[in-house]
Amino acid sequence: MAKQPMLKFINIDRDMPEKRPPNLRKEDFNEIYAEYADAKAKEQSSRCSQCGVPYCQSHCPLHNNIPDWLRLTAEGRLEEAYEVSQATNTFPEICGRICPQDRLCEGNCVIEQSGHGTVTIGSIEKYITDTAWEKGWVKPITAATERKESVGIIGAGPGGLAAADFLRRAGVQVTVYDRYDRAGGLLTYGIPGFKLEKDVVMRRNEQLEQSGVTFKLNCAVGEDISFDDIRKAHDAVIIATGVYKSRDLQAPGVGVQGLVPALEFLTVSNKKSFGDDVPAFNDGSLNAEGKNVVVIGGGDTAMDCVRTSIRQGAKSVKCLYRRDRANMPGSQREVQNAEEEGVVFEWLSAPKGFTGDPITGVMVQKMRLGQPDASGRQAPEVIEGADYVEDADLVIMALGFEAEDLPTLWDCPDLPVTRWGTVKAEYTTGRTEAEGVYAVGDIVRGASLVVWAIKDGRDCAEAILEQFNGASAVAAE
Ligand code: FAD
Ligand code: SF4
Ligand code: SF4
């Protein structure tokens, strides 16, 4: 009888890929986790108990067939594992790196709940597709037949690119427009290299280009080309522009030199990592080297800013957050990584204003957690008389993002938006009330996750194909 390759969680402990020591990883922007060796990936996959009702799968937004690719990996059938994995996820190696697994698949793994430590689903997903790239199993798309219909996609982030991939597989002509000089959206210019190395994103961009996707980069819709012209040029349009307007703070001193928005800081740092010449980095305005840096916010963007500052050689890095550690929105794993790298967290601390111009400090008021608010979270309250000034010569605001006003910027009053400015679209198809216009990702959901943008892009592409197939069936009657 064949040896049972699974259910080894009782004898084998959870073991993440090796993490580089903080003193080394602080020196560069490379990823901090190593790749599993083949034997380790097999071993860790074999811990899965092959649940009949896999909660890991139901809590993955893409409903990835996790138990099957874990079993295939444990059995050494890696090419089949890759086929199963890529059937539901356009960019498995990216999700394996940056999904907040503790809140999604791994956080719902039953063996974690029985006290054995979750299966390391994300690291194994990354391993499978990184290996597929290495072995040459990931190929440019060749559609069985070319179709005449074309789709214009505005925004080359994960939502737009997932739709582009899906539509090209069906032979649709695809043009992607983006205002940046490189495709990838926040994968390229938001998320730092220590979480997601840039060649991982660039090889996907190249694969799509080789698959026949046309990229029109350095092309800002509303400036270099009108939305109306894009609508006229294509049979359907997908808006996948993300959310980029930084949430502001109303406080004395806002607007002084040295108080900068998170995304500007991260974009400049990522451009620098590509080797670009970046004046705002060279002149020191968006460069943390030698500075006392304070980052305001408790989400993943704030975590990326503190850890980027450390790598740029800041003198000190502090993070101010108005709630406590247990109530912060960012991932606990990232907080731990940041602390290991030397970041100091000032919990229950909120900015009240800023001193100096250029900036010299943040006026901080201490908080305590009071009664739960409408969202059920304990609302922070000010502790009177406990204010102090935190010295700083660079302050980075990471308070979240909102949608830009697309109907005005693009002169398209028929585009339906919500009161938050996000595009009103059906979640399951991306369809809007404007004829032939679809929308996906953050511009529909508000600031969200890469995995949800991928899901939206795929679902939307499927809905567009249905629309095209319906139209050709009618034409053939
Ligand atoms: P985006 O990735 O934002 O892409 C939108 C694209 O549209 C951009 O390339 C932009 O240039 C383009 N565009 C916008 N307007 C125009 C225009 N007028 N004309 C032409 N092009 C335009 N999620 C995770 O799952 N894990 C993480 O670890 C994580 N870390 C993050 C860290 C940071 C700093 C930030 C800001 C976000 C992070 N996220 C993370 C969230 C994630 O990046 C987003 O949810 C995801 O990228 C949204 O994808 P999208 O395709 O909707 O939009
Ligand atoms: Fe987990 Fe994200 Fe992969 Fe789904 S896509 S299995 S949530 S890491
Ligand atoms: Fe395997 Fe955990 Fe998923 Fe169950 S929940 S199938 S043990 S990974």
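Among the residues making up the range 327-370, those that are under 30 Å from the mean Cα position of the chain (by Cα), of a type in the set (S, T, N, Q) and surrounded by 19 or more Cβ atoms within 10 Å (Cβ to Cβ) are 337, 349. Filtered by the rule that a residue be β-branched (Val, Ile, Thr), surrounded by fewer than 23 Cβ atoms within 10 Å (Cβ to Cβ) and within 11 Å of ligand 3 (Cβ to nearest atom), the range 94-137 gives 110, 111, 118.
Per the listing 182, 147, 169, the residue uniquely more than 16 Å from ligand 2 (Cβ to nearest atom), closer than 30 Å to residue 24 by Cβ and open to solvent by 30 Å² or more (accessible area, probe 1.4 Å) is 182. The helices (runs of 4 or more DSSP H) found entirely in the range 257-314 that carry 1 or more residues being under 20 Å from the mean Cα position of the chain (by Cα) are 262-273, 300-312. Go through the residues of the range 420-429 one by one and say whether even a single one is surrounded by fewer than 18 Cβ atoms within 10 Å (Cβ to Cβ), in contact with a Ser or Thr (Cβ under 9 Å, 6 or more places away or on another chain) and in a loop (DSSP other than H, G, I, E, B). Checking the range 420-429: at least one residue is surrounded by fewer than 18 Cβ atoms within 10 Å (Cβ to Cβ), in contact with a Ser or Thr (Cβ under 9 Å, 6 or more places away or on another chain) and in a loop (DSSP other than H, G, I, E, B). Every condition in (1) open to solvent by 50 Å² or more (accessible area, probe 1.4 Å); (2) closer than 23 Å to residue 159 by Cα holds for residue 400 except the one numbered (1).
Could you count how many residues in the range 384-397 are among the hydrophobic types (A, V, I, L, M, F, W, C), modelled with pLDDT of 95 or more and surrounded by fewer than 17 Cβ atoms within 10 Å (Cβ to Cβ)? Break it down stepwise before answering.
Of the residues in the range 384-397, the ones among the hydrophobic types (A, V, I, L, M, F, W, C) are 386, 389, 392, 394-397.
Then drop every residue that is not modelled with pLDDT of 95 or more, which leaves 389, 392, 394-397.
From what's left, surrounded by fewer than 17 Cβ atoms within 10 Å (Cβ to Cβ): 389.
Residues in the range 384-397 being among the hydrophobic types (A, V, I, L, M, F, W, C), modelled with pLDDT of 95 or more and surrounded by fewer than 17 Cβ atoms within 10 Å (Cβ to Cβ): 1 in total.
Within the range 52-70, the residues that satisfy the criterion of being assigned to a loop (DSSP other than H, G, I, E, B) and within 14 Å of ligand 2 (Cβ to nearest atom) are 54, 59, 60, 61, 62, 63, 64, 65. Among the residues of this structure, residue 163 does not count as one that is at pLDDT 95 or above, within 25 Å of residue 445 (Cα to Cα), in contact with a Leu (Cβ under 8 Å, 6 or more places away or on another chain) and surrounded by 22 or more Cβ atoms within 10 Å (Cβ to Cβ).
Looking only at residues that are charged (D, E, K, R) and in contact with a helix residue (DSSP H, G or I) (Cβ under 6 Å, 6 or more places away or on another chain) in the range 113-145, which one is nearest to residue 51 (Cα to Cα)?
125
Please determine, by comparing only the residues of the range 20-37 that are touching a residue at least 60 places away in the same chain (Cβ under 8 Å) and either touching a His at 6+ places or on another chain (Cβ under 6 Å) or outside any loop (DSSP other than H, G, I, E, B) (or both), which one is surrounded by the most Cβ atoms within 10 Å (Cβ to Cβ).
Step one: of the range 20-37, the residues touching a residue at least 60 places away in the same chain (Cβ under 8 Å) are 22, 25-33, 35-36.
From the residues that got through so far, the ones that are either touching a His at 6+ places or on another chain (Cβ under 6 Å) or outside any loop (DSSP other than H, G, I, E, B) (or both) too are 22, 25, 33.
On the way: 22: 16, 25: 21, 33: 18.
Top of the filtered list is 25.
Answer yes or no as to whether residue 101 is modelled with pLDDT under 95 and near ligand 2 (Cβ under 8 Å from one of its atoms).
Judged against the criteria, residue 101 is a match.
Quickly run through the range 94-132 and pick out the residues that are among the basic types (Lys, Arg) and within 11 Å of ligand 1 (Cβ to nearest atom). Within the range 94-132, 97, 103 qualify. Pairing each residue of the range 337-360 that is on the phi < 0 side of the Ramachandran plot with any residue that is part of a strand (DSSP E or B) and aromatic (Phe, Trp, Tyr), provided the two are 6+ apart or on different chains, yields C-beta distances under 8 Å for 338/345; 339/345. The set of residues from the range 217-250 being buried (at least 17 other Cβ atoms within 10 Å of the Cβ), among the hydrophobic types (A, V, I, L, M, F, W, C), within 22 Å of the chain's Cα centre (by Cα) and closer than 13 Å to residue 176 by Cβ comprises 238, 239, 240. Among residues belonging to the range 62-91 that are small (Gly, Ala, Ser) and either within 13 Å of ligand 3 (Cβ to nearest atom) or open to solvent by 50 Å² or more (accessible area, probe 1.4 Å) (or both), point out the one that is nearest to the chain's Cα centre (by Cα). Among those residues, the one meeting the criterion is 87. As a summary of the residue check, residue 452 satisfies the conditions (1) aromatic (Phe, Trp, Tyr); (2) within 19 Å of the chain's Cα centre (by Cα); (3) buried (at least 24 other Cβ atoms within 10 Å of the Cβ) except for the one numbered (3).
The values are calculated or read from the model by the stated rules, or taken from the named source; none is laboratory data. Predicted, not measured: the structure shown is a model, and the values here were computed from it. Note: ideal-geometry Cβ built from the backbone for every residue, glycine included; neighbour counts use all protein chains shown. Calculation scope for accessible area: heavy atoms of the full protein, side chains included, ligands and nucleic acids excluded. Shrake-Rupley method; radii C 1.70, N 1.55, O 1.52, S 1.80 Å.
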